[in-house]
Every structure is written in structure tokens, then in C-alpha cells.
Amino acid sequence: MTAEMVVAEAGKRFPRRNILWIDATANLPTTHHRDGMAALLDRAATAGFTTVVVDVKPPSGEVLYASRLAPRLEQWEPGVELPRGYDLLAVAVEEARSRGLEVLASLNVFSEGYRQHGRLRGALVADPARAGWECVAYSAAGLRDAADAGLPGAVDGGTQGGIQPAMAPALAPMTRFHGKDWAFVNPALPEVQGYELALLEEVARGYPVDGVILDRARYTGLDTDFSPASHAAFCRFVGTHAKRWPEDVYEIVPAPHAFHAGAGDGQGKPERETEEGALLRTSEGVWIRPGPLFGPWLLWRAQVIHDFVAAARRRVKAARADALFGIYAGSWFPSYYELGVNWASSRFRRDAVASPGPVPPGYEATGYAEELDLFLSGNYYPEVWEEEVTQGLPETAQREPGQPPQRTWWYSVAGAARMVRHVTGHVRPTYGSLYLVQYEDHPERLGEAVRACQEGSDGVMIFDSSHLDRLQWWEALGAAIRAGLGAGAPGGSGEGRDGGSQGSHTGGTAQGGAEYAPAR
């Protein structure tokens, strides 16, 4: 039996879903009152969606439900205010139930602040005791202002503006750097984990949701977290002292000029090498020279996230035994190690997919696919079919965190769906997700993209409802869903609603080969 046949057979086990993501802040002009929420869910049901993901903790860390722990989001922009006592999640559940829609509550896990109009807002600001939770970045992006003059890497430009963007690498809380507007907290801190787990339990215990989805359960990139607390925890993990921190992990270096012909082949291999040794280019375009502890550091971060995901599952299930537990993550697995995440099956060999990063011993054990009941993968590519992919991504093209500049067969909606099933072994249902903005200039591709997700995964997730409103695509999207494979109710074609008890590895799909080739 071929791998493709195994995947096709396995796809029959799991419930098909058509999922609509309702972003917390983008939809507030509609969802901040009951009538607006009801009208939105009417459109969702009519279009053929079976499930809605209601985002109730945006990146600011402020929440849209009645929390005893987190600050409540009361106003996002002028004129968009939530009425006193309005519980958006409770209203969404009530209105969705009356329309036969499944409801999954989503929380941005490790993001607790957002720089809006030049000022940081959110949970970190609301409670000064949390100020030490913010991730420390190792970056050459430049520090924002004169207040950072005492930190390494700050450069006095001698102008009225004071501090100019620094090119020398610096260590500082991440939001002090130019271009870093989200305040992520350190996933390795026990107090951070305790807080985030308590929020997940609060939602699962307090609301009759069908499940909970984790978003941004990750680091922001390779450049975080280099705090003293992480330094100490990492050294305990590896059993040795990092003599040069962070250079023993990696050094930030100027962009090299010399390179070998033929490098940068789109397979995730290092793009350039110098006479001084191999360099890697991160997804953010930063050139680094890995140090002796680079591999162990990748393993440690992935272990931190794996252990948190396992603890989160236990916490949610203890609060609501029948609740689904899922995660959204990007589909670009070969470079997702940059975010400290291994969403593969624990039986998948990391070196079975070409990747720019080394594969440290023991990395397979950090795979968390078996901890999930469902996985939403961001198949965020304008190309739909594998054969459409060409080399070279324009520098102006928008990329998601951890998404590499190289392009290869999986840099497409269909290719990503196949990559996800390959890497997870399809031990859990997977739902390919589309970012509607990528089809704004080519709306005729929308139907193809929906079909690629429905054929290559267990359904489709659409991000997000605000774009359907803005582009007036509700009717077109509904037609695409109806033309696809799965408009039935969740669980209608599976052996049960919870995918967590159904999966098993068969036929080597989780193992793969050293070269996992595109479909022909």
C-alpha cells in the first residue's frame, strides 16, 4: 500500500469539518453586541460551516469572557467598546447552539501584550508583577529609544532623536526592539505556565464549549528567549554551563558576500557558506553562525513547548472531559523548529524532511501530535497546487512567523496538506487553513484552494470572518464549500467526535524517507 493510499484510507476515520475562525479584535465592530454576533453566525451556518472558532484572548492578553484572572478587553479602537457585563463567549455559544454550530474557544497562549499606536497595552501592563515575564530577545534590529541606552547594543546617534536603531546585537525585552510589537512571555517560566494553564481551565470549566484551541503556543522565533531564567534552565537541561551567552547557542553575523554556487536550492539547506564555516539564514532574514549548543538549545525549547502542550491537554480534559483539545500552527514544518515547536508525531523522524537546522538526538520525542484531538494547519500560500510553485519568493511578500524564504513543493495549499499528513502520520484529524487575503487579487482561486484543503485534509478552516465581510465573499465561499467534499455535521463520517482515540500509525506514513517527493 502506498503512502498516498494509506492517507486516503485514514481520512475516512475522522469527522469532516468546515471551520470559520472569528478573530477577536478584527470582528469586534460586529461581535461586540448580540445582534451582530447572531447575524454573523447566521451567515456562517448558511455558508455551510459546521464549526466556529471564537477567539477570546487576542495577542494583547485581554479577554472577551468573564475572567477572574485576566484583564477584560473593554475597548480596542475608539468607537468599538464592549457593553458593561457583555460576555462575548457566552453569547457566541448560545447563538451558535441555536444554529447547530460547533464552538471552539481559542486563546493566544504566550502573547500578553501588544504595541498599539506606539504604546504597549495588555496583560503585562495591567499587572506590573508580570513585567519580568516578557521574553528577552537576542537581536540586531535596533533598540527603540533613549530609555534603552544602558542596554547592550544601544547606539547614540548624536541627533535630536537620541538613540538610533542599533546594528550591534543586543539582549533586551523583545518589545524594546524595532519591529517587535507583540509582547510574548517566556514559555519556560513556571509562573507563566501556571497562569496560561489556569486560563485554559477557566474557559473549559466555565463555558459549555465543544473544545479549546491553542494559538501562538510557541516562541516568536529563534531570537527568543535569552533571559537569565532561560539561560539557567537551559544549562540545567544540558548539564553544562554556557561559557558565552548567547554566542554558545549562535552568533548574529553580517550578511555574507561569498557563497558557493548552487546553494539555496529551495530544500531548506543553508543558502550560503563562507570560509569561516556554515551559516544559516533565519526566516526573518538574519544570518547566524550556530554555536556548540545550538542543537541542544533547539531540543530544549521544543521540549518546553511539548511539556506545556501535554499539561494543557490534561488541564482542559480535567475541567471538561468531552472537550476537544487542538492547536493552530503554521504548516511550514521544515523551518518550524525556529519557533520551538515540533507538531509532528512522536514517531516521525525529523531528518525525513530536509531542513536548515540540525536534528539533535531525542528531537522526535518532542513531537506533540498525539496530544491533540485536532490540528489546524496554516496552509497560507497563494499557490494552490504543488506544480505551481516556482523558486524565489519576492522580498516584499508577506510571510508568517517561521515561514522560510525558500519555496518548494510544500509551499502550496495542496502540498502543505500533504506535508501535514505525512509529518503527523495522520494520527489525528487535520484541517487545512486558508488566509483569505492571499486570494484578494485572484478571487477565482478561492474555490480551488478550498477544494485542495478538503481533498488533502479532513476539511477546511477559513481565516477569517472579517475578510468575508470586507470582500463580500460569503456567497462565493458557501458555493466553494458545497462543491467540496465535506458539508456534513462534525462526527457524521467518523467513528466518534473526538479524534484523540482513533489514530494509529500504519504503513510507514510517519516514518517517510530522506527525500519526501512531491506528488506526480
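Observations on the model:
- Restricting the calculation to Cα atoms, segment 23-104 yields a radius of gyration followed by a Dmax of 12.3, 36 Å.
- Close amide-amide hydrogen proximity is noted between Tyr380 and Ser331, each under 5 Å apart and 5 or more residues distant or on a separate chain (H modeled in the peptide plane; Pro and chain starts excluded).
- Span from the segment 176-199 Cα centroid across to the segment 99-114 one, whole angstrom: 17 Å
- Peptide ranges 98-111, 211-224, 435-448 listed from the most packed, as the mean C-beta count within 10 angstrom indicates: 211-224, 98-111, 435-448
- Relative to the current alpha-carbon distance between Ala319 and Glu94, full extension at 0.36 nm per residue lengthens the span by 79.0 nm.
- With the alpha-carbon atoms of segment 169-256 aligned to their principal axes, the span from lowest to highest coordinate is 53, 34, 21 Å, starting with the largest.
- Taking all protein chains into account, the per residue accessible area for segment 163-239 stands at 33 Å² (1.4 Å probe).
- Segment 24-81 and segment 236-258 have Cα centres spaced 42 Å apart.
The values are calculated or read from the model by the stated rules, or taken from the named source; none is laboratory data. Just so we're clear, the structure is a prediction, and the values are computed from it rather than from any experiment. Ideal geometry is used to build each Cβ from the backbone, glycine not excepted, and the neighbour counts take in all protein chains shown. Note: areas computed on protein heavy atoms with side chains; ligands, DNA, RNA excluded. Shrake-Rupley method; radii C 1.70, N 1.55, O 1.52, S 1.80 Å.
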